[in-house]
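The structure appears below as structure tokens.
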Amino acid sequence: MNKKMFTLAEANELLPYVREELSFLQKSKRSFYELYQKREQLKKQQPLDEGAIFSLECQLEFLELEAKMHVTQLISKGIQVKDIDIGLFDFPAMIDGEEVLLCWREGEESITHYHGLHDGFMGRKPIV
């Protein structure tokens, strides 16, 4: 299977979708953490409320599957999900005949930077 390569315009066109997915994933992660904490507290109580614990475990499993589905959708479009917490995504591209990653971080209006395949966020350079 060929790797999807993006033009800058194509990657920027996907940012509304990426923002929406990021918002969903960040909310899901917060919900997961809250339910996890609640389940852990219930496990410490005596007598154990096994029904409530089971219910929380089902909710946790659903949230995990749902989040994985959303990440898989992003990946299937060729988008690389780097970090949900800070909202970091990469888009494979070619610049001057070199394979690079167009880099977008939550809060940025558009994609304005890229980095080499092994440079990571700290190696970002402005797109000229």
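The values are calculated or read from the model by the stated rules, or taken from the named source; none is laboratory data. What you see is a predicted model; the values in this text were computed from it and never measured. Positions of Cβ are backbone-derived with ideal geometry, glycine not excepted, and every protein chain shown enters the neighbour counts.
Scanning the stretch 1-23 for residues that are exposed (fewer than 11 other Cβ atoms within 10 Å of the Cβ) and modelled with pLDDT of 95 or more, we see that the one that is nearest to Leu74 (Cα to Cα) is Pro16. I need the full set of residues from the stretch 47-89 which are under 20 Å from Leu117 (Cβ atoms) and either crowded, with 16+ Cβ neighbours inside 10 Å or among the acidic types (Asp, Glu) (or both), in order please. Across the stretch 47-89, the qualifying residues are Leu74, Gly78, Ile79, Val81, Lys82, Asp83, Leu88, Phe89. Checked against (1) out of contact with any Leu (no Cβ under 6 Å at 6 or more places or on another chain); (2) in a helix (DSSP H, G or I); (3) surrounded by 17 or more Cβ atoms within 10 Å (Cβ to Cβ), Gln26 meets all criteria but (3). Within the stretch 1-22, residues that are over 16 Å from Lys82 (Cα atoms) sit with their Cβ atoms under 6 Å from residues that are of a type in the set (Gly, Ala, Ser) and surrounded by 14 or more Cβ atoms within 10 Å (Cβ to Cβ), at 6+ positions apart or across chains, in these pairs: Lys4/Gly78; Met5/Ala93; Phe6/Ala93. Quick check, is Leu56 over 10 Å from the mean Cα position of the chain (by Cα), of a type in the set (A, V, I, L, M) and under 30 Å from Gly123 (Cα atoms)? Considered against the rule, which asks whether it is over 10 Å from the mean Cα position of the chain (by Cα), of a type in the set (A, V, I, L, M) and under 30 Å from Gly123 (Cα atoms), Leu56 comes out as no. The set of residues from the stretch 69-86 being of a type in the set (A, V, I, L, M, F, W, C) and either closer than 18 Å to Tyr33 by Cα or in a helix (DSSP H, G or I) (or both) comprises Met69, Val71, Leu74, Ile75, Ile84, Ile86.
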